[in-house]
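Scroll down for the structure; my scribbles are underneath it.
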Amino acid sequence: MPELPEVHGLCMYLDTQLHGATLTEVRINSFSALKTADPPYTALEGRTVQGVQRIGKFVCVDLDGLFFVFHLAKAGWVRYTEHPSSAGLRMGKSNISARLLFHRASDDAHIGMDLTEAGTKKSLAIYVVRDPQEVPGIATLGPEPLSPDFDEAAFAAILKSSPQQIKGLLRSQSVIAGIGNAYSDEILHAARISPFAIAKSLDQETVARLYQSLQEVLIGAVNAAAGKPSSELKDTKRSNFRVHARTGLPCPVCGETVREVSFADTSLQYCPHCQTNGKILADRRTSRFLK
């Protein structure tokens, strides 16, 4: 799933390429992905891109005061091209959920942007709104973790009041915006904390270490994504992982084998030596330390 760093990189790239371009046509190929009806998506046509910004994991394209907002969900992505196809889309017969066509007058470029989604379970969501806060998922977002206001004290206050396991808390968009399964694994590994530690039980020193790791992991990933075209962002993300999606491989810090805990529709990865004092977590939803 695209998370804060690669969505941030994607927005930076799209803003560079699309700023000042006119949206000439919107084609919706999956009407189940379109979550709004007023204003109609056709109202975007003929408008000029004023900017592209990230809010949490959402991409917001400002078109003269109307906003084309999308969330890429688990398997969505953006395919950008300056040689868009003129062929029509077959409704429901493609992995393309929507196609946007632009004209950039500064160099007479014709640009295509496809929103794609792999797999059979479709969760990609598209909104056309007058204000991004009209999108339910944006209205309920927690604070941005890289905002200047999100300091260690603010983070500590969130942890102190939560009985959640720290892995789940970091992934909760209503608590902290933008972090998902992958970067929560990476942050907890960098902080040397078990994914099943209870948030409010962490002492001051551990909270400080976790906050520092959160900042370093996210800033490092954002910097790695900066300036990359959309076609390279996924590979950039994967190349920097230390534990996530590396089950069975050696931990780059200590050499111990990276382990996994699987759930019904997701999994987490961790290093026993770095994070759980050498103990292996039971591979079931109600995991406890194996004895």
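The values are calculated or read from the model by the stated rules, or taken from the named source; none is laboratory data. Since the structure is predicted, the reported quantities are computational estimates derived from the model, not experimental observations. Here Cβ is always computed from backbone atoms with ideal geometry, including for glycine, and neighbour counts include all displayed protein chains. Quick note on the areas: whole protein, heavy atoms, side chains included, nothing else; ligands and nucleic acids left out. Shrake-Rupley method; radii C 1.70, N 1.55, O 1.52, S 1.80 Å.
For the range 33-61, which residues satisfy the criterion of being assigned to a loop (DSSP other than H, G, I, E, B), open to solvent by 40 Å² or more (accessible area, probe 1.4 Å) and either within 23 Å of SER86 (Cβ to Cβ) or touching a Phe, Trp or Tyr at 6+ places or on another chain (Cβ under 9 Å) (or both)? Of everything in the range 33-61, those that are assigned to a loop (DSSP other than H, G, I, E, B), open to solvent by 40 Å² or more (accessible area, probe 1.4 Å) and either within 23 Å of SER86 (Cβ to Cβ) or touching a Phe, Trp or Tyr at 6+ places or on another chain (Cβ under 9 Å) (or both) turn out to be LYS35, GLU45, GLY46, ARG47.
In the set ARG90, ARG54, ARG47, only one residue is among the basic types (Lys, Arg), more than 23 Å from the chain's Cα centre (by Cα) and at pLDDT 95 or above; that residue is ARG47. When SER30, SER86 are checked against the criterion of being assigned to a loop (DSSP other than H, G, I, E, B) and buried (at least 19 other Cβ atoms within 10 Å of the Cβ), a single residue qualifies: SER30. State yes or no: is THR247 of a type outside the set (A, V, I, L, M), open to solvent by less than 80 Å² (accessible area, probe 1.4 Å) and over 21 Å from GLY76 (Cα atoms)? Judged against the criteria, THR247 is a match. The residues in the range 110-121 that are open to solvent by less than 10 Å² (accessible area, probe 1.4 Å) and over 16 Å from PHE70 (Cβ atoms) can be counted, and the count is 1. Of the residues contained in the range 62-70, none is found to be in a helix (DSSP H, G or I), in contact (Cβ under 8 Å) with a residue 24 or more places away in the chain and not hydroxyl-bearing (Ser, Thr, Tyr).
For the range 133-158, the set of residues classified as of a type in the set (Asp, Glu) and more than 26 Å from SER201 (Cβ to Cβ) consists of GLU134 only. When the residues of the range 267-290 are filtered to those that are assigned to a loop (DSSP other than H, G, I, E, B) and at pLDDT 90 or above, the one that is most open to solvent (accessible area, probe 1.4 Å) is ASN277.
Residues in the range 16-27 that are of a type in the set (Val, Ile, Thr) and open to solvent by 40 Å² or more (accessible area, probe 1.4 Å): THR16, THR22, THR24. The helices (runs of 4 or more DSSP H) falling completely within the range 122-209 that include 1 or more residues that are among the basic types (Lys, Arg), crowded, with 20+ Cβ neighbours inside 10 Å and under 17 Å from the mean Cα position of the chain (by Cα) map to 166-171. Within the range 4-32, residues that are at positive phi reach partners that are assigned to a strand (DSSP E or B) and modelled with pLDDT of 95 or more with beta carbons closer than 8 Å, at six or more positions or on different chains, in the pairs GLY20/THR48; GLY20/VAL49; GLY20/ARG104.
Among residues of the range 125-144 that are free of Cβ contacts under 8 Å to residues at least 12 places away in the same chain, none has a beta-carbon under 7 Å from a residue that is surrounded by 15 or more Cβ atoms within 10 Å (Cβ to Cβ) at least six positions away or on a different chain. Scanning the range 93-109 for residues that are part of a loop (DSSP other than H, G, I, E, B) and within 25 Å of the chain's Cα centre (by Cα), which turns out surrounded by the most Cβ atoms within 10 Å (Cβ to Cβ)? It comes out as ASN95. Can we say ARG79 is open to solvent by 60 Å² or more (accessible area, probe 1.4 Å) and touching a helix residue (DSSP H, G or I) at 6+ places or on another chain (Cβ under 8 Å)? It is true that ARG79 is open to solvent by 60 Å² or more (accessible area, probe 1.4 Å) and touching a helix residue (DSSP H, G or I) at 6+ places or on another chain (Cβ under 8 Å).
Here ARG238 meets each of (1) under 16 Å from GLU3 (Cα atoms); (2) touching an Asp or Glu at 6+ places or on another chain (Cβ under 6 Å) with one exception, condition (2).
LYS74 meets each of the listed conditions (1) farther than 24 Å from LYS228 by Cα; (2) in a loop (DSSP other than H, G, I, E, B); (3) basic (Lys, Arg) apart from (1). The requirement of being in contact (Cβ under 8 Å) with a residue 40 or more places away in the chain, part of a loop (DSSP other than H, G, I, E, B) and within 26 Å of HIS71 (Cβ to Cβ) is satisfied by LYS228.
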